[in-house]
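The values are calculated or read from the model by the stated rules, or taken from the named source; none is laboratory data. All values derive from a computational prediction rather than experimental measurement. Neighbour counts are summed over all protein chains in view; Cβ atoms, including those assigned to glycine, are modelled from backbone coordinates with ideal geometry. Heads up: the accessible areas ignore ligands, DNA and RNA and are worked out on the full protein's heavy atoms, side chains in. Shrake-Rupley method; radii C 1.70, N 1.55, O 1.52, S 1.80 Å.
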Amino acid sequence: TETGSLSIVVLGASGDLAKKKTFPALFNLYRQGFLHPDEVCILGYARTKISDDELRNRIRGYLPHGKGASNDQAEDVSKFLQLIKYVSGSYDSEEGFHSLDKEISAHELSKHTAEGSSRRLFYFALPPSVYPSVCKMIKNCCMNKSDCGGWTRIVVEKPFGKDLESAEQLSTQIGELFDEPQIYRIDHYLGKELVQNLLVLRFANRFFLPLWNRDNIDNVQIVFREDFGTDGRGGYFDQYGIIRDIIQNHLLQVLCLVAMEKPVSLKPEHIRDEKVKVLQSVIPLKDEEVVLGQYDGYTEDPTVPDNSNTPTFATMVLRIHNERWEGVPFILKAGKALNSRKAEIRVQFKDVPGQKQGRNEFVIRLQPSEAMYMKLTVKQPGLEMSTIQSELDLSYGQRYQGFPIPEAYERLILDTIRGDQQHFVRRDELKAAWEIFTPLLHRIDRGEVKSVSYKPGSRGPVEADQLLERAGYVQTHGY
Ligand code: BG6
């Protein structure tokens, strides 16, 4: 492990993402000893003029504290908050970034990094419109200048553009200032425990190796459901819609891990090479294999135009044109304001000839209550000879008591410090992902593909269930 000073700069420090995700993740890392007070300083940066203490107080509310928190925790919170300082400035003037650099340099000096490297991590909890100017400011004012090594890295959040062209433009702008190994494009789904388990599961188990192909698998579903609407985020959401918000990134990343070939090694570049190949093998989407929905009441949000066609729900079939997957539908489904909150992968196997009981299914539940279970046919216990469908169930809460599951952001931020890019999206991956959806997105934006309405709290439009059936999915029993 590297030593020397570590400066973590959270840009957009007073925003929602920083408060709800970034700072709590940093706190958890601190609490587990991954951020050493001897090395680390955390600098918040934003436009609002507030003091260090004001920022600390804003953050405090999002950390475990007060009722239910132990004394130890309260002490940890205070110590953690002491590591945080605040600098205010705009996102497009050098003045603020010079002050930021001064703070970082002072921290580096105080840690006597003449003998150690200086590490500078910039976390963008910002709207993407300011990415290019912020990158320029960092490049001009805040790069690591130590002679003893170290690095400067940036962590950026989606949305990376709105379509192929804008994403490529953004990539080029950032790429002119930073090299790919310095750029960490976060997709927090890649930090989820069961997503990280996918490659192990697929490539370390004889159960799966010979079955994971078109000869045995009938269809694959990757599903995201939320039981709340766009609450308070309507203005943002309406610009993007569910495909850009969830499917083009989170679900597609999961699809890559489910469908990719075995990488040459577990090196990040080898894994990402295989993911790109899957994306490049996806054939153009067909209109009759896409259902879009918008929940009733969505446009009542004052920040959403009355005539918005933006989908809050989508089900679509992706088809991968290669030897392993030819003919197997990959059904991606995502919706807001549905009847439950759940994300899961459902691999449905082909029928066993003559067997009426129901198909084998292998389900990986990403959240809530992480679990993997296999639906299979067994003899019903008892004197009669009849069969039922049952489950082999690995529920993490039961099986791994005492192994707390880390938050996605916690794990990913640690990766950025360690310099491991495996769970981050590479530029060519991003491009290939946009290539798949851009034609459809443009047609939706022009109003040529319409969203049908559905009731909030429902399963979504019936048309989606019909599409699933057409794609060959058969409802099984149990859960
Ligand atoms: C974000 C989306 O990327 O993921 C949100 O912008 C969504 O709309 C969220 O609610 C879901 O994340 P999780 O981890 O709760 O499934």
**Request:** Kindly establish whether residue 428 is at pLDDT 95 or above, on the phi < 0 side of the Ramachandran plot and assigned to a helix (DSSP H, G or I).
**Result:** yes
**Fill in**
Requiring at least 3 residues that are closer than 22 Å to residue 365 by Cα, within 16 Å of the ligand (Cβ to nearest atom) and touching a residue at least 24 places away in the same chain (Cβ under 8 Å), the strands (runs of 3 or more DSSP E) wholly within region 240-339 are 329-335
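Looking at region 360-375 only, could you name the residues that are assigned to a strand (DSSP E or B) and more than 16 Å from the ligand (Cβ to nearest atom)?
361, 362, 363, 372, 373, 374, 375
Looking at 61, 68, which one is under 29 Å from the mean Cα position of the chain (by Cα), at pLDDT below 95 and loosely packed, with under 15 Cβ neighbours inside 10 Å? Quick ask: steps written out before the conclusion?
Working: 68 fails: under 29 Å from the mean Cα position of the chain (by Cα).
Answer to the check: 61.
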**Request:** Go through region 382-434 and give me each residue that's of a type in the set (S, T, N, Q) and surrounded by fewer than 19 Cβ atoms within 10 Å (Cβ to Cβ).
**Result:** 386, 387, 389, 390, 395, 398, 401, 422
**Request:** Select from region 440-466 the residues that are of a type in the set (A, V, I, L, M) and outside any loop (DSSP other than H, G, I, E, B) and write down the one among them that is nearest to residue 309 (Cα to Cα).
**Result:** 444
**Request:** Restrict the check to region 392-403 and report whether at least one residue is modelled with pLDDT of 95 or more and in contact with an Asp or Glu (Cβ under 7 Å, 6 or more places away or on another chain).
**Result:** yes
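This table checks each residue for (1) within 22 Å of residue 418 (Cβ to Cβ); (2) within 16 Å of the ligand (Cβ to nearest atom); (3) open to solvent by 30 Å² or more (accessible area, probe 1.4 Å).
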{"residue": "106", "(1), (2), (3)": "no, no, yes"}
{"residue": "120", "(1), (2), (3)": "yes, no, no"}
{"residue": "135", "(1), (2), (3)": "no, no, no"}
{"residue": "160", "(1), (2), (3)": "no, yes, no"}
**Message:** Would you confirm, using the coordinates I've provided, whether residue 12 is of a type outside the set (Lys, Arg), free of Cβ contacts under 8 Å to residues at least 60 places away in the same chain and open to solvent by less than 50 Å² (accessible area, probe 1.4 Å)?
**Reply:** no
